[in-house]
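What follows is a set of notes on a single structure, which appears directly below.
The values are calculated or read from the model by the stated rules, or taken from the named source; none is laboratory data. None of these values were measured; they are calculated from a predicted model. We place every Cβ from the backbone using ideal geometry, glycine too, and count neighbours over all the protein chains shown. Protein only, heavy atoms only, side chains kept; ligands, DNA and RNA dropped before computing areas. Shrake-Rupley method; radii C 1.70, N 1.55, O 1.52, S 1.80 Å.
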Amino acid sequence: MFQNASVKRVYVETYGCQMNVSDGELMEGILAARGYEIVGNPEEADVVLVNTCAIREHAERRVLGRVSQLNGLKRENPDLVIGITGCMAQRMGDDLLEKAPFVDLVMGPDSYRSLPQAIGGLDNKPRERKQLAVLALQSEENYQGLEQRRSEGPSAWLPIQRGCNHRCTFCIVPYVRGPEKNRSPEDILKEVRGLVKDGVSEVTLLGQTVNSYSLEDVDFPDLLRQVARVPGIRRVRFTSPHPIDVTPRLVEVMAIEDAVCEQLHLPAQSGNNRTLRRMLRRYTVEQLLEKIEMVREAIPDIALSTDIIVAFPGETEEEFRDTLRLMHRVRFDDAFTYKYSLREGTPATRLPEEDFISFGEAQTRLEELIDVSRGIRAEINQDEVGRIEEVLIEKHGRHKGQLLGRTRRNKVVVFDGDPALVGEYRRVQLERTTGATFIGTEIPGSVAAVRA
Ligand code: SAH
Ligand code: F3S
């Protein structure tokens, strides 16, 4: 096939959270709008961008390994441009260029608008190329007016907010993504309507503390209601809310609006008040439990998930037991569990050295927490066997003839069905569970049409 030599081919590889996945789509959109061709693997590319995460040391180590692999490609193709974007690029900046001299570009999350100029400005002759770092945090940048390049399908991630105004003492996000910046409600709603035209019926609103969103007299409950009422939108989710902004108004909108799914990811981090205070989470266990009670009262069928950190510096064994007690008390449908990871530049690094908990001790706590949370998840899911759920089919399953989708409560279901059904809604009876996912059977018969 004729290949236009002036068209540069770009491959974007993303690590980390949904916000980063969405940023990867944004970078692809920005470059595609400038005539770049987006390709599906690094071997075909003239430019490889590794879109990185800095949330834990483990995430960064994985990226460093991957980047040195890419250097192998560069030995075969010396013209190849390697760029590192995202939170780790922002955090390490020039250090990264020093550590990895074959990297041509580092760019932080607020600078993607200038990606085409940055790549275009790199010298064509690799020997004369100078490494470039674009790292300014822009307190106004919310990427208004730019289009993400989304893969086809019924679901879309929709960033409504960037950055974070909190200062949880363990967390690097405020330092690499800057303060909270919200997108205008008109812009968001326009995008939702455009997505519906492209066949999207499920959107997930994204932000670091998504429910603190507020702009032009529109707060998060208002926005959620408006998105839920866009004709053609059948499912709305949002992640991650901060517990302090789970208000009666938000819960009311969640309960009343049909499109808002019966699902809430509510990061608890710990079940101990002294730890929560030292993490600067701004709520107590009692307040968290009240919020959860309020949500469950209004939406009895809601599925709750959470994030927990074990072995925060200074956490005693007894304080860790409080977290286990919280898990037993709330019975989350799912939990994402982490060992505390020291992030240079965050307030927790200044805690006394003797407070830091050994790897082995932290690992033991993590394993116990995982056991407890998986046990609870399996019990809850076992109780749900027999239910008939509406499933949005996302893709083919691992085995031939198998489909994979999610219920409104965000549970994964696999079942046998026609491969052409990807993107559609079907009713599925849950037959059994592995503990984490369900195996089901399609129930013949119609599924209510999307509201027009
Ligand atoms: N509010 C954000 C939080 C992003 S970080 C959101 O949108 O989800 C996701 C999770 O990573 C946090 O909830 C926390 O549980 C965990 N985490 C953050 N910093 C961490 C650290 N230094 N060590 C271990 N886990 C961490
Ligand atoms: Fe991080 Fe706390 Fe913000 S976890 S993203 S500082 S709410």
request  = Provide the percentage of antiparallel DSSP beta bridges, counting only those with both residues in the range 150-226; round to the nearest 5.
outcome  = 45
remark   = Cβ-Cβ cut-off under 11 Å around residue 200, Lys and Arg +1, Asp and Glu -1: the net charge is +1
remark   = Of 128, 257, ordered by accessible area with the largest first and a 1.4 Å probe, the sequence is 128, 257
message = What's the magnitude of the charge dipole for the chain around its Cα centre, counting Lys and Arg as +1 and Asp and Glu as -1 at the beta-carbon? Answer in Debye, nearest 20.
response = 420
request  = Could you please state how large a percent of the accessible area of the range 344-452 is carbon and sulfur, counting protein chains only and using a 1.4 Å probe?
outcome  = 49
ask   = Counting Lys +1, Arg +1, Asp -1, Glu -1, what net charge surrounds residue 221 among other residues with beta carbon under 10 Å of its beta carbon?
value = -3
ask   = Can you give the accessible area of residue 151 in Å² (nearest 10), computed on protein heavy atoms with a 1.4 Å probe?
value = 90
note = CD proxy, 222 nm, the chain: helix-only mean residue ellipticity via -39,500 (n - 2.57) per DSSP H run with n ≥ 4, per residue, nearest 500, stands at -10500 deg cm²/dmol
task = Enter the Cα centre distance for the pair the range 220-284 and the range 358-406, rounded to the nearest angstrom.
result = 22
task = Show 147, 394 ordered by accessible area, largest first, where the area counts protein heavy atoms only and the probe is 1.4 Å.
result = 147, 394
ask   = Counting only DSSP beta bridges with both residues in the range 159-283, what percent are antiparallel, rounded to the nearest 5?
value = 35
inquiry  = Normalised radius of gyration for the chain, please: alpha carbon Rg relative to 2.2 N^0.38 Å, two decimal places.
reply    = 1.02
inquiry  = Just to be sure I understand: of the beta bridges DSSP finds with both ends in the chain, what percent are antiparallel, rounded to 5?
reply    = 35
In Å², nearest 10: area of residue 265 left accessible to a 1.4 Å probe = 20
Cα lying deepest toward the dipole's positive end in the range 299-452, options 304, 370, 425, charges on Cβ = 425
query = Could you state the principal axis extents of the C-alpha atoms in the range 90-166, from the largest down, to the nearest angstrom?
reply = 44, 34, 20
ask   = Can you give the net charge of the other residues whose Cβ lies under 13 Å from the Cβ of residue 53, counting K and R as +1 and D and E as -1?
value = +3
request  = For each cysteine in the chain, check whether another cysteine's C-beta sits under 4.7 Å from its C-beta; list those where none does.
outcome  = 17, 53, 87, 164, 261
query = Expressed as a rounded percentage, what relative contact order does the chain have, with Cα pairs under 8 Å and six or more residues apart?
reply = 10
Protein-only accessible surface order, largest first, of 380, 308 at 1.4 Å = 380, 308
message = Looking at the range 289-376, I'd like the Rg to Rh ratio, where Rg is from alpha-carbon atoms and Rh is Kirkwood's inverse mean 1/r.
response = 1.04
query = Can you work out D for the range 47-204 in µm² s⁻¹ from Stokes-Einstein, where Rh is the Kirkwood radius over C-alpha pairs, the temperature is 4 °C and the viscosity is 1.567 mPa s?
reply = 75
inquiry  = Relative contact order of the range 114-187, please, whole-number percent, based on alpha carbon pairs below 8 angstrom and at least 6 residues apart.
reply    = 29
task = Ignoring everything but the protein chains, give the 1.4 Å probe accessible area of residue 202 in square angstrom, nearest 10.
result = 10
